[in-house]
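Values quoted throughout were computed directly from the atomic coordinates according to the rules given, and no laboratory measurement underlies them. These figures come from a predicted structure and were not determined experimentally. Cβ placement follows ideal geometry from the backbone for every residue including glycine, while neighbour counts extend to all protein chains displayed.
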Amino acid sequence: RCVSEDKLFYLQEDLGDTLLFHAIEKGRITNSFSEEEKELLAIIFFQKKTDTNDVNEWILKNWEKFDEEQKNSVRICSDFLETMESKVHALMNDDDIKLSLFVSLKKGEGSVLFKSMWQKMKNQGYKNMYLWTDCECNWQWYIKNGFTLVEESVYKKFSELDGEEYKTYVFKKEI
């Protein structure tokens, strides 16, 4: 494993490819680049149930650098992330995988990347994929692509901030 000097990026051999991932998430990642455009087109992070997340260590290490407004934001966001992560992890078995982050910067590229990773995960023996998302993301994409909605709920703390229901979703799909 190679580590950058700032310890933010790691290279790891996993799922058959050399993969780059950000240390805060410690997830599985691959990416798709257009040879003509030389730009990032899509990115996916995955995480096994047994993987650890060092975000709380990073927060503690950097806490004194935050002003009061930033500290309040970190408290609210950390609580949200921990709530959603615990919901998904409670559903997962050790042979399941979680989609932690999925971003497509060019229409269609995310689907291409997703399909290529799907076969690799199947070959690795993963049984189910879980993920959580919220109303600010394209959560309908998962329904269109065969995922089952396991839970829909309202996150009250975000809902209270602007008076509108902030919906969250947990999805599952058999690999």
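How big is the dipole moment of segment 58-175 about its Cα centre under a simple scheme where the beta carbon of each Lys and Arg is +1, that of each Asp and Glu is -1, and everything else is neutral? Debye, nearest 20, please. Intermediate results must be reported in sequence, preceding the final value.
Values: 18 positive and 20 negative charges, 154 e Å.
Taking the Cα centre of segment 58-175 as origin, the dipole is about 740 debye.
Please state the shape class of segment 50-147: rounded when a/c is under 1.5, otherwise prolate if a/b exceeds b/c and oblate if not, all from the C-alpha gyration tensor.
Working: a/c = 2.25, a/b = 1.67, b/c = 1.35.
It is prolate, given that a/c is not under 1.5 and a/b is the larger ratio.
For segment 86-155, what number of Lys pairs, 8 or more residues apart or on separate chains, have alpha-carbon atoms under 16 Å from each other?
Close lysine pairs found across segment 86-155: 10.
Taking the Cα centre of segment 90-133 as the origin, how large is its charge dipole in debye, to the nearest 20, when only Lys and Arg (+1) and Asp and Glu (-1) carry charge on their Cβ atoms? Let's see the in-between values first.
Details: 7 positive and 4 negative charges, 52 e Å.
Computed charge dipole of segment 90-133: roughly 240 debye.
When 1/r is averaged over all different Cα pairs and the result inverted, which Kirkwood radius in Å belongs to segment 103-175? The partial results should precede the final answer.
Numbers: mean 1/r = 0.0727 Å⁻¹.
Result for segment 103-175 stands at 13.8 Å.
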